Amino acid sequence: MTVKSSISLADEQHAFAKTLVDAGRFPSVSAVLQQGVELLRQQMESEALERAALAEVLKQRRAGKFVSANEMDDRIAAMLARKRQAHAVQD
């Protein structure tokens, strides 16, 4: 089902939509706007899924083991030493 709706566009927006229609990419300005709304809906859904996934990752990380700043510094120093040795880099 389609619903008729009255909208207002800025001159630049209308001109852009009209160039897409004139180029044959869309059959009408309405089709351009429908595509734009659909893309916005998809983007918003995607962002919501990403936020939910990030919230789950953070939840899992909070439930896991934490290391102190000193331990992390030691781990990073050890990793750098291994990389330097593997690539024959002098300090």
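Only the coordinates and a few stated rules stand behind these numbers; no lab work does. Note that the structure is predicted; figures quoted are calculated from it, not measured. Virtual Cβ from ideal backbone geometry, glycine too; neighbours counted across all protein chains shown.
Residues whose amide H comes within less than 5 Å of that of F26, counting only those at least five positions distant or on another chain, are V21 (H built at 1.01 Å from N in the peptide plane). For segment 7-13, putting each phi into the Karplus relation 6.51 cos²θ - 1.76 cosθ + 1.60 with θ = phi - 60° gives couplings of 10, 10, 10, 5, 3, 5, 5 Hz, in residue order, rounded to whole numbers and with x for Gly and Pro. Here the extension length gained between V3 and S46 equals 13.0 nm, from 0.36 nm per residue of separation less the Cα-Cα distance.
Longest exposed-loop-site-free stretch of the chain, with trypsin sites (Lys or Arg not before Pro), DSSP loop and at most 16 other Cβ within 10 Å? In short, 26-64. If you take the Cα centroid of segment 1-57 and the Cα centroid of segment 61-91, the two points sit 47 Å apart. For the residues S28, S46, S68, a GNM of the chain with alpha-carbon springs under 10 Å puts the largest fluctuation on S68. If the segment from R82 to V21 were pulled out straight at 0.36 nm per residue, it would be longer than the present Cα-Cα gap by 16.0 nm.
Which stretch or stretches of segment 57-83 have amide N atoms under 18 Å from the point lying 7 Å from V89's Cα along the Cα→Cβ direction? From segment 57-83, the list is 73-83.
3J(HN,Hα) along segment 54-61: 5, 4, 5, 4, 5, 4, 5, 5 Hz, from the Karplus curve 6.51 cos²θ - 1.76 cosθ + 1.60 with θ = phi - 60°, whole Hz, x for Gly and Pro.
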